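Scroll down for the structure; my scribbles are underneath it.
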Amino acid sequence: MDKLALYGGQPVRSQMLYYGQQWINEADIQAVLSSLTSGFITQGPEIDKFERAVADYVGVKYAVAFSSGTAALHGACYAAGIGAGDEVITTPITFVASSNCVLYQGGTPVFADIDPHTYNLCPEDTKRKITARTKAIIAVDFTGQPVHMEPFRELADQHGLVIIQDAAHSLGAEYAGKKVGTLADMTMFSFHPVKHVTSAEGGMIVTDNEAFYQKLILFRSHGITKEPELLHHDEGPWYYEMQELGYHYRMTDLQAALGTSQMDRLDGFVARRRAITARYTEAFGDLPGITVPYQHPDANSSWHLYILRFDLSLYPAGRKELFLAYRAENIGVHVHYIPVYNQPYYEELGYAQSQCANAEDYYQEALTLPLYPKMSDRDVEDVIEATKKIIGFFLEKPISI
Ligand SMILES: *Cc1c(COP(=O)(O)O)cnc(C)c1O
């Protein structure tokens with residue numbers, strides 16, 4: 001048995017393998033360069049092109065680009081009419097932006113538990129958390145697996161709720177043959193470098209709802225419009241109106257040019273992510289005390305994250321020791337996510353009590369392995385080798401320092 005690098009042995013690889021990373025090629029560079037010299041570096045034609053590319057890809061009418069996925073979520077909460085006193089139900093196993101967007105609007109995030117298999121928001125617990133004040137559900141496609149939308153749609157229809165899908169992880173995924181982006185009232189994509197395609201920073205809302213679309217357009221640019229048919233009155237060609245309190249949440253043309261160029265390779269990126277995860281699951285499926293990601297038969301994930309769960313009765317050294325062991329082997333594992341309500345800011349808001357049992361259990365046991373399209377087959381095999389080395393070590397000597 002090989003000695004773990006954590007305890008002084010040779011690491012599986014000499015350089016750190018990150019958990020996620022962008023893939024920029026020559027076409028991307030040329031796209032940004034030609035935008036840079038085109039005369040517009042912001043508020044030019046590239047934004048429309050990027051919005052069209054994403055809207056056409058998923059098959060919706062409208063897309064609105066934002067400076068980040070977080071800004072896009074803020075816009076969606078605004079468009080949904082979230083305000084003081086309104087409750088919005090979401091999952092605790094997500095990035096903080098999924099619920100911060102509710103706070104930005106003065107609303108109250110309410111956390112419902114996750115499904116123990118998919119780790120997505122649980123429809124039954126969501127139903128239990130609905131009150132007369134509930135206005136919306138923010139469902140997160142955690143790891144790239146789309147949420148099971150039917151039960152949320154039923155709840156939304158019964159209670160008059162807006163469904164916002166946080167699809168930061170799931171561009172390119174499908175549910176029951178339908179592309180993510182067509183399932184909810186508004187769907188958010190993020191273009192942060194670790195996501196499926198990148199614009200360095202950036203986000204987008206897609207929707208088929210024209211009223212939401214108009215609000216989103218206003219919101220991302222100070223609440224200002226120059227559209228003749230929207231003006232209360234018109235004083236001349238210079239005239240514009242600030243009709244709502246919006247923000248400056250625009251994306252630049254440089255970013256949009258990069259995003260459009262990346263969209264050309266989205267299907268290839270997703271295919272590569274699927275191939276890597278198939279190899280992982282083949283390698284890890286039978287290991288003792290390890291749970292590989294469960295996939296609902298109707299879901300075709302686009303695989304942002306690949307997460308292993310460790311049964312801590314077999315690995316009493318605990319998740320922290322496993323994490324450190326991987327890192328010492330130069331495998332850049334991560335943990336997604338700390339339950340949002342346990343963040344100090346949320347605890348101070350009074351969320352300390354809102355413990356979700358499945359989310360807590362999940363958090364103790366989860367480890368995210370490296371996954372991104374540019375990983376080489378050698379990188380993938382390094383992750384597998386390190387996993388077998390670490391598991392072998394802990395199973396033979398289960399009590400450790
Ligand atoms: C990345 C991410 C966001 C925020 O996106 P940014 O573009 O970084 O602002 C929101 N929700 C989830 C689940 C994410 O992973």
Quick one: length gained pulling L231 to Q30 fully straight, 0.36 nm per residue minus the C-alpha distance? 68.5 nm
If packing is taken as the average count of other Cβ atoms within 10 Å, what order do 179-187, 243-251 fall into, highest mean first? 179-187, 243-251
Proximal charge balance of A156 [Cβ under 13 Å; K/R count +1, D/E count -1]: -1
Counting only DSSP beta bridges with both partners in the chain, the antiparallel fraction in percent, to the nearest 5, comes to 60
Please give every one of the lysines within straight-line cross-link reach of K320, meaning a C-alpha to C-alpha distance under 24 Å, and leave out same-chain neighbours fewer than 8 residues apart. K3, K388, K389, K397
Rounded accessible area per residue of the chain, 1.4 Å, Å²: 43
Positive end of the charge dipole of segment 254-401 (Lys, Arg +1 and Asp, Glu -1 on Cβ, about the Cα centre): tell me which of Q262, I331, Y346 has its Cα farthest that way. Q262
Quantify, in whole percent, the carbon and sulfur part of the accessible surface of segment 214-365 (1.4 Å probe; protein heavy atoms only). 53
Within segment 26-263, pairs of Lys residues whose Cα atoms are less than 16 angstrom apart, provided they are eight or more positions apart or on distinct chains, add up to 6
Counting only DSSP beta bridges with both residues in segment 26-263, what percent are antiparallel, rounded to the nearest 5? 50
Relative contact order as a percentage, the chain, C-alpha pairs under 8 Å and 6+ apart, gives 24
So, with +1 on the Cβ of K and R and -1 on the Cβ of D and E, and no other charges, what is the size of the charge dipole of segment 286-398 about its Cα centre, to the nearest 20 debye? 220
Express in nm, to one decimal, how much length is gained between D298 and E244 on full extension, taking 0.36 nm for each residue of separation and deducting their alpha carbon distance. 15.4 nm
Packing-wise, with mean Cβ within 10 Å as the measure, how do 192-200, 9-17, 42-50, 228-236 rank, highest first? 192-200, 42-50, 9-17, 228-236
Assigning unit charges at the beta carbon (Lys, Arg +1; Asp, Glu -1) and nothing else, what dipole magnitude in debye, to the nearest 20, does segment 26-263 show about its Cα centre? 320
With +1 assigned to the C-beta of every Lys and Arg and -1 to the C-beta of every Asp and Glu, and no other charges, what is the dipole magnitude of the chain about the Cα centre in debye, to the nearest 20? 800
Hey, rough spin-label estimate for K320 and D48, points 7 angstrom out along Cα→Cβ, what's it come to in nanometres? 5.6
What distance in nm separates the simple spin-label points at T37 and A278, each placed 7 Å from Cα in the Cβ direction? 4.3
Going toward the positive end of the dipole of segment 26-263, with +1 on Lys and Arg Cβ and -1 on Asp and Glu Cβ, which of S67, S98, G172 do you reach last? S98
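The values are calculated or read from the model by the stated rules, or taken from the named source; none is laboratory data. What you see is a predicted model; the values in this text were computed from it and never measured. Here the Cβ is made from the backbone with ideal geometry for all residues, glycine too, and neighbour counts use every protein chain on show. Note: accessible area is taken over every heavy atom of the protein model, side chains too, but ligands, DNA and RNA are not part of it. Shrake-Rupley method; radii C 1.70, N 1.55, O 1.52, S 1.80 Å.
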